[in-house]
1. Only one of (1) touching a Cys at 6+ places or on another chain (Cβ under 6 Å); (2) within 19 Å of Pro29 (Cα to Cα) fails for Ile91. Which number is that?
2. Of all residues in the range 126-157, how many are in a helix (DSSP H, G or I) and either surrounded by fewer than 14 Cβ atoms within 10 Å (Cβ to Cβ) or of a type in the set (Asp, Glu) (or both)?
3. Please find, among Ile118, Ile95, Ile77, the residue that is touching a residue at least 40 places away in the same chain (Cβ under 8 Å), open to solvent by less than 30 Å² (accessible area, probe 1.4 Å), of a type outside the set (Asp, Glu) and farther than 24 Å from Pro153 by Cβ.
4. Under 7 Å between Cβ atoms, which residue pairs at least 6 apart in sequence (or on different chains) link something in the range 25-49 that is farther than 30 Å from Ala170 by Cα with a partner that is part of a loop (DSSP other than H, G, I, E, B)?
5. Condition first: under 16 Å from the mean Cα position of the chain (by Cα) and either under 16 Å from Ala134 (Cβ atoms) or of a type in the set (D, E, K, R) (or both). Now tell me which residues in the range 33-52 satisfy that.
6. Being under 29 Å from Glu143 (Cβ atoms), modelled with pLDDT under 95 and in a helix (DSSP H, G or I) narrows it down to one of Arg58, Arg40, Arg88, so name that one.
7. If you go through the range 92-110 one residue at a time, do you hit one that is modelled with pLDDT of 95 or more, out of contact with any Lys or Arg (no Cβ under 6 Å at 6 or more places or on another chain) and among the acidic types (Asp, Glu)?
Amino acid sequence: MILWLDGAFGAGKTTLAEELHRRVPDALPFDPEYIGFLLRAWAPAPEGGDFQDMPLWRRLTAEFAVGLHREYGRPVITPMTLVDTGHRDEIFGLIAAAGVSLRHVFLDVPADELRRRIDAQVLDPDDPRADADARAFRLRNVERCVAARAALPPDTLVLRADRHGPGQLADQVLATYFRAVPLKNV
């Protein structure tokens, strides 16, 4: 299966992905942001500057996740914010059309807490300008990300990431989706 960890920037997706990978070491981590970095280097930028607006990013993201799962026969853990419901539906539809099971987890965090977390993060310690740009992008999108919760697919597992730490969140994900997978150090 592909486990998609969704939620606003600063919700804790990457931290949860790391905790899940620690407990399910055979799972493959996959961050689609790296596909975005590749496209930024080699393809014309989309009008708004967000690589998720590139149809090629959405297709490559789905194909890469499916390819990892098929090639290695392991769960794939994918932390990635998907705010645009059309983009999300396109990616999830491509994965479903490939016959691969996808489980969607949304980390729900109130806007004020997201802003606090984003302000506290150092996103690019080597480049203060890039760090400021990334922070500004994330802060500009807080309300949009929080509003995305209202349009989640009905089978999405919604977890309050402001009320539970990474270990507790991982416990909930594992209990819901990984019952048949041998676990290490749970």
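The values are calculated or read from the model by the stated rules, or taken from the named source; none is laboratory data. The structure presented is a predicted model; accordingly, all values stated were derived computationally and were not measured. Ideal geometry is used to build each Cβ from the backbone, glycine not excepted, and the neighbour counts take in all protein chains shown. For the accessible areas, the whole protein counts, side chains as well, though only heavy atoms, and no ligand, DNA or RNA atoms are used. Shrake-Rupley method; radii C 1.70, N 1.55, O 1.52, S 1.80 Å.
1. Evaluating Ile91 over (1) touching a Cys at 6+ places or on another chain (Cβ under 6 Å); (2) within 19 Å of Pro29 (Cα to Cα) leaves (1) as the failure.
2. The number of residues fulfilling the criteria is 13.
3. Testing whether each residue is touching a residue at least 40 places away in the same chain (Cβ under 8 Å), open to solvent by less than 30 Å² (accessible area, probe 1.4 Å), of a type outside the set (Asp, Glu) and farther than 24 Å from Pro153 by Cβ leaves just Ile118.
4. Within 7 Å, the pairs are Leu39/Met54; Ala43/Met54; Pro46/Met54.
5. Across the range 33-52, the qualifying residues are Glu33, Tyr34, Gly36, Phe37, Asp50, Phe51, Gln52.
6. Arg40
7. Checked against the condition, which is being modelled with pLDDT of 95 or more, out of contact with any Lys or Arg (no Cβ under 6 Å at 6 or more places or on another chain) and among the acidic types (Asp, Glu), the range 92-110 yields no hits at all.
Matching residues to (1) touching a residue at least 12 places away in the same chain (Cβ under 8 Å); (2) within 21 Å of Thr176 (Cα to Cα); (3) among the acidic types (Asp, Glu):
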residue	(1), (2), (3)
Trp57	yes, no, no
Thr61	yes, no, no
Arg70	yes, no, no
Val100	yes, yes, no
Phe106	yes, yes, no
Asp124	no, no, yes
Arg129	no, no, no
